[in-house]
Amino acid sequence: MDLRELDRDSTGLCRLNSPVPAVCRKEPCILGVDEAGRGPVLGPMVYAICYCPLSRLADLEALKVADSKTLSESERDRLFVKMQEDGDFVGWALDVLSPNLISTSMLGRVKYNLNSLSHDTATGLVQFALDQGVKVAQVFVDTVGLPDTYQKRLQQRFPGIEVTVKAKADALYPVVSAASICAKVARDQAVKNWHFVEKLQDLDADYGSGYPNDPKTKAWLRKHVEPVFGFPQFVRFSWRTAQSILEKEAEGVMWEDSLTGDQEGPGRITSYFSEGARVRPRLPHRYFQERGLESATTL
């Protein structure tokens, strides 16, 4: 799996996909959706789709695909290679969402939570398959949030497709299992080969599972937090675990108020019509006030 695009820019989204098998443009297809790396504080989250013709579903099942969490890394790698070898009837695509993209989305002025980000990414991948000419007839999705609400949303978005959203779908439907394997293989490779642009000294590659409650992961975070600039881009700084470590280990920041003590705020509206109307400083836009930004008077 070629993740060089992620190496070049680890701040956004990286999409990878297989060639579309010719048969998938001719026959009705079944498509599965799953993710890997939703909960960790380290590394990207990966969403993946896998699809094949309904007439070849038995061939996909014969590969013995299963929920990626029940397989060893070597088993997942072997099955992914096998799916690539069977590229005459199996196709896949995936989105690698960087930690930076996840955190900036969640902490933006307009809140964009992880569920919404997950739903939109899954929807985008289904649409990508359709745009590539895949004749999608059925979609099976491992749920995020309430299955009924999610299914209704997808059904409205794709009215001509039969949509099924279930909890633990990766253990129930082989096509979702195949998608979970694609997602997990991509995340494992991205984490293992992560390119640290920060040039960290004494980088410790042993960060445990990457989950917030792992003591080894917490120790890694404490070791690699920079007092001024915070964490490397490998870290989802919006996670509560990361924020707590920042509060304890990083330097505090004092923001100057936009209005100093000798500046007056807005007066009564009638004062603007009096003969001796006061000249008041024009306040900066709210955007600059919230961020403590001021005009530079000298360079």
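Report yes if L221 is over 30 Å from L71 (Cα atoms) and modelled with pLDDT of 85 or more, otherwise no. No: the conditions fail for L221. Output the residues belonging to segment 175-208 that are of a type in the set (S, T, N, Q) and open to solvent by 30 Å² or more (accessible area, probe 1.4 Å). Those that are of a type in the set (S, T, N, Q) and open to solvent by 30 Å² or more (accessible area, probe 1.4 Å): Q189, N193, Q201.
For residues in segment 210-252 being among the charged types (D, E, K, R) and in contact (Cβ under 8 Å) with a residue 12 or more places away in the chain, which is surrounded by the most Cβ atoms within 10 Å (Cβ to Cβ)? Among those that are among the charged types (D, E, K, R) and in contact (Cβ under 8 Å) with a residue 12 or more places away in the chain, it is R236. For V65, the stated conditions do not hold, so it cannot be described as modelled with pLDDT of 95 or more and of a type outside the set (D, E). Just the residues that are more than 16 Å from G210 (Cβ to Cβ) and assigned to a helix (DSSP H, G or I), please, taken from segment 234-252. If the condition is that a residue be more than 16 Å from G210 (Cβ to Cβ) and assigned to a helix (DSSP H, G or I), then Q243, S244, L246, E247, K248, E249 are the ones that fit.
Considering only residues in segment 172-209 that are free of Cβ contacts under 8 Å to residues at least 60 places away in the same chain and acidic (D, E), the one that is nearest to I30 (Cα to Cα) turns out to be D206.
The values are calculated or read from the model by the stated rules, or taken from the named source; none is laboratory data. For clarity, every value in this text was computed on a predicted model and none was experimentally measured. Cβ atoms come from the backbone with ideal geometry, glycine included; neighbour counts cover every protein chain shown. Calculation scope for accessible area: heavy atoms of the full protein, side chains included, ligands and nucleic acids excluded. Shrake-Rupley method; radii C 1.70, N 1.55, O 1.52, S 1.80 Å.
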